[in-house]
1. Output yes when any residue across the range 49-56 is farther than 21 Å from Thr23 by Cβ and free of Cβ contacts under 8 Å to residues at least 60 places away in the same chain, and no when none is.
2. Suppose we filter Thr2, Thr83 for residues that are out of contact with any Phe, Trp or Tyr (no Cβ under 7 Å at 6 or more places or on another chain) and at pLDDT below 95; which single one remains?
3. Take Arg193 and decide whether it is in contact (Cβ under 8 Å) with a residue 12 or more places away in the chain and either surrounded by fewer than 18 Cβ atoms within 10 Å (Cβ to Cβ) or under 29 Å from Gln38 (Cα atoms) (or both).
4. Go through the range 1-32 residue by residue and tally those that are within 13 Å of Val153 (Cα to Cα), open to solvent by 60 Å² or more (accessible area, probe 1.4 Å) and of a type outside the set (Ser, Thr, Tyr).
5. If the requirement is being of a type in the set (Lys, Arg), over 18 Å from the mean Cα position of the chain (by Cα) and closer than 30 Å to Asn60 by Cβ, which of these qualifies: Arg172, Arg124, Arg143?
6. Considering every residue within the range 191-212, establish whether at least one is within 28 Å of the chain's Cα centre (by Cα) and of a type in the set (Ser, Thr, Tyr).
7. If I ask for residues that are open to solvent by less than 50 Å² (accessible area, probe 1.4 Å) and either free of Cβ contacts under 8 Å to residues at least 24 places away in the same chain or of a type in the set (S, T, N, Q) (or both), which ones from the range 103-119 would you list?
8. Do you know which residues across the range 17-47 are touching a Lys or Arg at 6+ places or on another chain (Cβ under 7 Å) and among the polar types (S, T, N, Q)?
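The values are calculated or read from the model by the stated rules, or taken from the named source; none is laboratory data. These figures come from a predicted structure and were not determined experimentally. Note that each Cβ is placed from the backbone with ideal geometry, even for glycine, and that neighbours are counted across all protein chains shown. Side chains included, ligands, DNA and RNA excluded: accessible areas come from the protein's heavy atoms. Shrake-Rupley method; radii C 1.70, N 1.55, O 1.52, S 1.80 Å.
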Amino acid sequence: MTEERIWTAALTIIGDEILSGRTQDKNVAQIAAWLNVQGIRLAEVRVVADKTEAIVEAVNILRARNDYLFTTGGIGPTHDDITVDAIAEALGVAVEHHPRAMAVLEAYYATRGGLTEARARMARVPVGADLIDNKVSGAPGIRIGNIFIMAGVPHITAGMLDALTGTLEGGRPVVSKTIGCWVAESEVADILRDAEKTHEGVAIGSYPFFRDGRTGANFVVRSSDEALVDRCLADLTRDLEATGRAVTAQGI
């Protein structure tokens, strides 16, 4: 039996404002969810400062060990938006103004004060790059090789992801289903471990919580094979109920 190909992606979040806590990142969840629909698993996330050497290191490591690398942040009009230059350095190429990006920005800013030198910075791309359409704010994202360079503002990121939908090669989407139980996860660790071992190809996540003075946990079963997920959930439910505990479908 041929082992199924698993496609992976990494995400590099670029920005001092994320590391300082001034801005809270909202892109991890939406990118992970979008990737799953494309049949691609988000394998790792790294947050780096607005420093060229940090960006270069992250880009070269993550693009080499994943099928795709996404970056968010640092592609605006100001001097400290250095993502494009850093990625060009990582790839060993120069930076140029993309003619189609210039045309898009000229049209967008025609009634918004014109295309200034600062705004034209958003048309700069590593040589050899293609564009990712941005219907939200004009300035396009960038695709070069297996790297996708996107805005850090979540609703603009969402628009760029929409433009990429269906264009990346991937496998089957991961299916996830949940059950919940009022129990401390440590009390059922052996049951969870046995269920994962018995149903090869599934991953079981345990998410404990404390609510209304009680301890509980939700258990999420994930696999690209929905039938396998259903079998694992059925067996896990049976084994939990055998200990005298009630199980809630779809989680608590």
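1. Looking for residues that are farther than 21 Å from Thr23 by Cβ and free of Cβ contacts under 8 Å to residues at least 60 places away in the same chain, one finds at least one in the range 49-56, hence yes.
2. After applying the criteria, what remains is Thr2.
3. no
4. Residues flagged as within 13 Å of Val153 (Cα to Cα), open to solvent by 60 Å² or more (accessible area, probe 1.4 Å) and of a type outside the set (Ser, Thr, Tyr) within the range 1-32 amount to 3.
5. On inspection, the qualifying residue turns out to be Arg124.
6. Looking for residues that are within 28 Å of the chain's Cα centre (by Cα) and of a type in the set (Ser, Thr, Tyr), one finds at least one in the range 191-212, hence yes.
7. Hit for the range 103-119 is Gly114, nothing else.
8. None - no residue of the range 17-47 is touching a Lys or Arg at 6+ places or on another chain (Cβ under 7 Å) and among the polar types (S, T, N, Q), so the list stays empty.
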